[in-house]
Amino acid sequence: MERLDPHPLTGDLFPSPVPPGGGWPGDPATTATPVAGTAAAVRRLAAGSTGVPELQARVSVCRACPRLVRWREEVARSGRRASFAHQPYWGRPGPSFGDPGAEVLLVGLAPAANGTNRTGRMFTGDSSGDFLYAALHRTGYAALPTSVASGDGQALAGIRIVAAVRCAPPNNAPTPAEKETCSAWLQRDLELAAPRLRAILCLGAIGWGAAVAAARGLGWTVPSPRPRFGHAAEVPLQTPEGRGIRLVGCYHVSPHNTFTGRLTPGMLDDVLRSVRGGGGVAP
Ligand code: SF4
């Protein structure tokens, strides 16, 4: 018999991985959402997504990378961290989270096995997310200073979080082929955001590289030679329609950087404030 565990906030029972359209808070998919099983299908379904909600739904059920699908589901079923052993695990790709009409896209690397892969929300449920959401709240983007579980009331305004790769990879290391396959989702995210987009904030060199590749794939003008990642590095991009978009780098919010002081709360706040436009929620 299938094992069911209670959602940490609602108490509703779910199997792991969580089935699409099964009532998980914030699940963008339904049982009718088309599933990409190959790289070609990712490209087709990404290009055919008419808006952010449809794109998120399709991302959240993707099965195009066999190694990552196997691993994310294995962690969800039998590889849970002891402290979360009695919680259901999302076990699916992480859809983007935040304001669908955002002027800023924040590009991460990939979901964490016991973070997004458990909670179903970007940067939620681990120390990286604790650091990031606290900063997003201080700088007026987030309704709450924490993001602990889907259904907790967290909401973002003016910013949307995406990632270079949407499935948790073993050892946080996706292969070049997996990055390439997943890049079609990110490219479509940029394309859908473009009419209002002012800045792309990249956490780490992999997010930076993925954003540069996506911009090039869309035919945007990217400075040559290829711009190099650095904390607070900034280069101008331009869409074929002439819209200028800032590409900004920031050290990743991983414990490796935040526990060592390489990235401090003040440094992250400064970068977030530098890309801030109008609107947002009051801290
Ligand atoms: S990494 Fe991306 S392309 Fe690969 S299965 Fe996950 S969502 Fe699909």
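For the range 101-154, give me the residue count where each residue is in a helix (DSSP H, G or I), closer than 17 Å to PRO17 by Cα and either of a type in the set (A, V, I, L, M, F, W, C) or within 13 Å of the chain's Cα centre (by Cα) (or both). First the steps, then the outcome.
Filtering the range 101-154 for residues in a helix (DSSP H, G or I) gives 116-119, 127-138.
So of that shortlist, the ones also closer than 17 Å to PRO17 by Cα come out as 116-119.
Those left that are additionally either of a type in the set (A, V, I, L, M, F, W, C) or within 13 Å of the chain's Cα centre (by Cα) (or both): 116-117, 119.
Of the residues in that region, 3 qualify.
Taking the options ARG138, ARG121, name whichever one is closer than 14 Å to GLY91 by Cβ and either among the charged types (D, E, K, R) or away from the ligand (no atom under 15 Å from the Cβ) (or both). Can you show your working first?
Numbers: ARG138 fails: closer than 14 Å to GLY91 by Cβ.
Unique residue meeting the criteria: ARG121.
Okay, residues lined up against (1) closer than 25 Å to ALA164 by Cβ; (2) assigned to a loop (DSSP other than H, G, I, E, B); (3) touching an Asp or Glu at 6+ places or on another chain (Cβ under 7 Å); (4) not β-branched (Val, Ile, Thr):
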site	(1), (2), (3), (4)
TRP24	yes, yes, no, yes
VAL35	yes, yes, no, no
LEU45	yes, no, no, yes
ARG58	yes, no, no, yes
ARG63	yes, yes, no, yes
VAL69	yes, no, no, no
ARG77	no, no, no, yes
GLN87	no, yes, yes, yes
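Tell me whether the range 145-159 contains one or more residues that are crowded, with 19+ Cβ neighbours inside 10 Å, out of contact with any Pro (no Cβ under 9 Å at 6 or more places or on another chain) and farther than 19 Å from VAL52 by Cα.
Yes, that holds for at least one residue.
Considering only the range 249-257, I want to know if a residue exists there that is more than 24 Å from GLN154 (Cβ to Cβ) and crowded, with 19+ Cβ neighbours inside 10 Å. Steps first, answer last, please.
Step one: of the range 249-257, the residues more than 24 Å from GLN154 (Cβ to Cβ) are 249, 256.
Retained after the next criterion (residues that are crowded, with 19+ Cβ neighbours inside 10 Å): 249.
Yes, some residue in the range 249-257 is more than 24 Å from GLN154 (Cβ to Cβ) and crowded, with 19+ Cβ neighbours inside 10 Å.
Can you pull out the helices (runs of 4 or more DSSP H) entirely within the range 164-258 that have at least 1 residues that are within 18 Å of GLN56 (Cβ to Cβ), more than 14 Å from the chain's Cα centre (by Cα) and within 16 Å of the ligand (Cβ to nearest atom)? Don't jump to the end; show me each part of the working.
On the way: elements: 176-193, 204-217, 255-258.
Result: 176-193, 204-217.
Residues checked against (1) closer than 14 Å to ARG188 by Cα; (2) touching a Gly at 6+ places or on another chain (Cβ under 9 Å):
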position: SER49; (1), (2): yes, no
position: ALA64; (1), (2): no, yes
position: GLU73; (1), (2): no, yes
position: ARG77; (1), (2): no, yes
position: ARG80; (1), (2): no, no
position: HIS86; (1), (2): no, no
position: GLY94; (1), (2): no, yes
position: ASP99; (1), (2): no, yes
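Under 7 Å between Cβ atoms, at least 6 apart or on separate chains: pull out the pairs that start in the range 160-184 with a residue that is touching a residue at least 12 places away in the same chain (Cβ under 8 Å) and of a type in the set (Asp, Glu) and end on any residue that is within 11 Å of the ligand (Cβ to nearest atom) and outside any loop (DSSP other than H, G, I, E, B).
Once the first residue is touching a residue at least 12 places away in the same chain (Cβ under 8 Å) and of a type in the set (Asp, Glu) and sits in the range 160-184, its partners that are within 11 Å of the ligand (Cβ to nearest atom) and outside any loop (DSSP other than H, G, I, E, B) give GLU178/LEU68.
Can you report the number of residues in the range 61-89 which are more than 20 Å from ALA173 (Cα to Cα) and either touching a strand residue (DSSP E or B) at 6+ places or on another chain (Cβ under 8 Å) or within 16 Å of the ligand (Cβ to nearest atom) (or both)? Step through it out loud before you land on a result.
To start, the set of residues in the range 61-89 that are more than 20 Å from ALA173 (Cα to Cα) comprises 61, 77-78, 82-89.
If we keep only those that are either touching a strand residue (DSSP E or B) at 6+ places or on another chain (Cβ under 8 Å) or within 16 Å of the ligand (Cβ to nearest atom) (or both) too, we end up with 61, 86-89.
Residues flagged as more than 20 Å from ALA173 (Cα to Cα) and either touching a strand residue (DSSP E or B) at 6+ places or on another chain (Cβ under 8 Å) or within 16 Å of the ligand (Cβ to nearest atom) (or both) within the range 61-89 amount to 5.
Could you pull out the residue among THR33, THR38, THR50 that is of a type outside the set (D, E, K, R) and free of Cβ contacts under 8 Å to residues at least 12 places away in the same chain? Quick ask: steps written out before the conclusion?
Numbers: THR33 fails: free of Cβ contacts under 8 Å to residues at least 12 places away in the same chain; THR38 fails: free of Cβ contacts under 8 Å to residues at least 12 places away in the same chain.
That would be THR50, the only listed residue that is of a type outside the set (D, E, K, R) and free of Cβ contacts under 8 Å to residues at least 12 places away in the same chain.
Out of all the residues in the range 224-283, which are at pLDDT below 95 and among the hydroxyl-bearing types (Ser, Thr, Tyr)?
SER224
Given (1) of a type in the set (D, E, K, R); (2) surrounded by 16 or more Cβ atoms within 10 Å (Cβ to Cβ); (3) within 13 Å of the ligand (Cβ to nearest atom), where does ARG44 come up short, assuming only one miss?
Every condition holds for ARG44 apart from (2).
Kindly provide the set of residues from the range 149-163 that are away from the ligand (no atom under 13 Å from the Cβ) and either aromatic (Phe, Trp, Tyr) or in contact with a Ser or Thr (Cβ under 7 Å, 6 or more places away or on another chain) (or both), ordered by number.
Residues of the range 149-163 away from the ligand (no atom under 13 Å from the Cβ): 149-161.
Scanning the range 149-163 gives ALA149, SER150, GLY151, GLN154, ARG160, ILE161.
The values are calculated or read from the model by the stated rules, or taken from the named source; none is laboratory data. Being a predicted model, the structure only gives us computed values, none of them experimental. Neighbour counts are summed over all protein chains in view; Cβ atoms, including those assigned to glycine, are modelled from backbone coordinates with ideal geometry.
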